[in-house]
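So the structure is just underneath, and the comments pick up after that.
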Amino acid sequence: MKRGDRVAKAAIEFESQDGILAGFHLVGFTVCDDEAKGLFVLFPASIRNGSLDSGPEGDKRSKTFFFLRPASNEILDRLETAILDVYEDMIGSKKAS
């Protein structure tokens with residue numbers, strides 16, 4: 001799991017043209033900043049307490065249930081980029097690419 005300093009919370013607001021989801025907000029996104037990684041987004045998830053999963057070295061850790069399940073990493077990357085673009089526009093510190 002990625003770690004970093006939390007700098008903002010974000011939500012996606014569905015507009016009138018978004019069909020059945022119009023008027024809903026998808027909450028639980030967190031924008032984080034890490035000295036080594038830069039800005040990144042933690043996506044809405046729930047950690048199931050009491051049920052542990054074994055990691056690669058046999059270590060025990062909580063199971064995480066992600067509310068968004070993309071068909072590909074590319075789709076998830078596009079969503080993260082869109083959230084970070086809005087965040088950077090709002091704080092006025094758009095990074096030079």
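A few comments on the model shown:
- Sorted by Cβ neighbour density within 10 Å, fewest at the top, the residues Glu74, Glu88: Glu74, Glu88
- Between Ser72 and Ile91, the modelled label-to-label distance comes to 3.0 nm, taking each label 7 Å out from Cα in the direction of the beta carbon.
No value in this document is a laboratory result; all are computed from the given coordinates. Since this is a predicted model, take the numbers as computed values, not measurements. Here the Cβ is made from the backbone with ideal geometry for all residues, glycine too, and neighbour counts use every protein chain on show.
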